[in-house]
Ligand SMILES: [Fe+2]
Ligand SMILES: [Fe+2]
C-alpha cells in the first residue's frame, strides 16, 4: 500500500521528511520571534517589539510556502507542534545574538536540503528551494546589521533607546535582481 501511494508523487519519503523538518524549523523561528517581540514589549523596547512581530509573521509565511509545496506535490505536509519556546532573555543584545544564530542555522539547514536534493536528483525540489536560499541572504544581513548596532552606537546612556529606534529601519538592498 505504501509503495502504491508513492506512485502518486515523485517526492521521495526522504525529501518529504527533510521538508517537514524544515516546516517545523520555520514554525519554531516564528514562535521564537513572537516570544522575542513579547520580551521587547515587556522591557520597553517598542520598536524592536514591532520588528520581531513582523519577523514572526514572515517565518510563518515561510512555513506555509513549504507546507503548500509538500501538499501540491502530493506529499503529506505536517502541521508541527512547537514546545519549549524560550521566553526570557538576559539582555536586549542577547535577543539579537539569538536571532542571528537562528538565521545562520536556517541557512545551513537549507544548504543541507540542497545537498540532499542533488544527491537524490530531485531537481524539482532543488529548484523550489532556490527562493529560500536567496531569502537567507537578506535574513542573515538584517539580523547581523541589527546586532552590529550594539557596537556602532554603544549601550551607554541612551544607546539602547537609539538602537531600539533604528532596528526597524534596517533595509536590505537587493542588487542581485535579474
Ligand atoms: Fe525563514
Ligand atoms: Fe528568517
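Just one of the listed residues (68, 17) is at pLDDT 95 or above, farther than 19 Å from residue 116 by Cβ and out of contact with any strand residue (DSSP E or B) (no Cβ under 7 Å at 6 or more places or on another chain), namely 68.
Given the structure, is residue 100 within 17 Å of residue 131 (Cβ to Cβ) and either touching a residue at least 24 places away in the same chain (Cβ under 8 Å) or part of a loop (DSSP other than H, G, I, E, B) (or both)? Reasoning before the result, please.
Working: within 17 Å of residue 131 (Cβ to Cβ): no; either touching a residue at least 24 places away in the same chain (Cβ under 8 Å) or part of a loop (DSSP other than H, G, I, E, B) (or both): yes.
No.
With the condition kept exactly as written, say whether any residue in the range 40-50 is at positive phi and in a loop (DSSP other than H, G, I, E, B). Yes, the range 40-50 contains a residue that is at positive phi and in a loop (DSSP other than H, G, I, E, B). Only residues that are under 18 Å from residue 98 (Cβ atoms), within 16 Å of ligand 1 (Cβ to nearest atom), surrounded by 16 or more Cβ atoms within 10 Å (Cβ to Cβ) and more than 10 Å from the chain's Cα centre (by Cα) were counted across the range 36-70, and they come to 5. Restricting attention to the range 27-47, the residues that are over 11 Å from residue 88 (Cα atoms), touching a residue at least 60 places away in the same chain (Cβ under 8 Å) and within 15 Å of ligand 2 (Cβ to nearest atom) add up to 2.
All told, residue 174 meets the bar of being closer than 30 Å to residue 46 by Cα, in a loop (DSSP other than H, G, I, E, B) and at pLDDT below 95. Taken as a whole, the structure leaves residue 71 outside the set of residues that are free of Cβ contacts under 8 Å to residues at least 12 places away in the same chain, more than 21 Å from residue 149 (Cβ to Cβ) and not in a helix (DSSP H, G or I).
Among residues that are part of a helix (DSSP H, G or I) and within 14 Å of ligand 1 (Cβ to nearest atom), residue 138 is included.
The values are calculated or read from the model by the stated rules, or taken from the named source; none is laboratory data. Owing to the predicted nature of the structure, the values given are computational and were not obtained by experimental measurement. Here the Cβ is made from the backbone with ideal geometry for all residues, glycine too, and neighbour counts use every protein chain on show.
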